[in-house]
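Questions regarding the structure given below will be posed in turn.
Bear in mind these aren't lab numbers, they're just calculated from the coordinates by the rules spelled out. Quantities reported herein were computed from a predicted structural model and do not represent experimental measurements. Backbone-built Cβ (ideal geometry, glycine too); neighbour counts: all protein chains shown.
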Amino acid sequence: MGTDAQLTIEARTAAFRSLYQQFGVASIAPTMTGPFASQSRLTLRDAQRILSDTAFGIVADPLTSTGHSHIGDIDLGAKFSVYDSFAGVTETRLSPHGLNFRTAVGAMFRIPSGQIESPNNFIDVGTGRGAKVIEGRWFGDVLVEAISGNPHCALQQAVC
């Protein structure tokens, strides 16, 4: 009804008509003059009916103000050191001698305590996926002594 959106749609339709006329198409829709604006505004009651009435094929929950306070899925995890040639000494990591290696393994279990979003509620925010998950991880570090014997010269061998 004279809105900027309607005028834009009418202008694009006219542009498409003239474009297709170059290819010999006389009319895009022979029985219509083009899209036209709604003759009345959509009210909240109308929107509720369109979204929830089975005649329209959507069948969604009504739009209402809601408040949610749910705990999401809970992850329980642990990490265990398997081998550490650094022996937990910081100086060994900063000035390595020979080949140094450490490794650890980890595991995680997800408890599906969250709430899955409702497919019929368009504004629902789920707090979980509802799936039990077991996850394994491996961590490893390798540190090699610099060739010249001085760890600070590893990248500058010619200078050392």
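Pop a pseudo-label 7 angstrom from the Cα along the beta-carbon direction at both A104 and S85 and give the gap in nm to one decimal.
The answer from the label model is 1.9 nm.
What is the sum of charges, Lys and Arg at +1 and Asp and Glu at -1, for the other residues whose Cβ falls under 13 Å from the Cβ of E10?
Working: positive: R12, R17; negative: D4.
Around E10, the surrounding residues sum to +1.
Could you give the nm distance between label points at I9 and A47, where each point is 7 Å from its Cα heading toward the beta carbon?
Using points 7 Å along Cα→Cβ, the separation is 1.7 nm.
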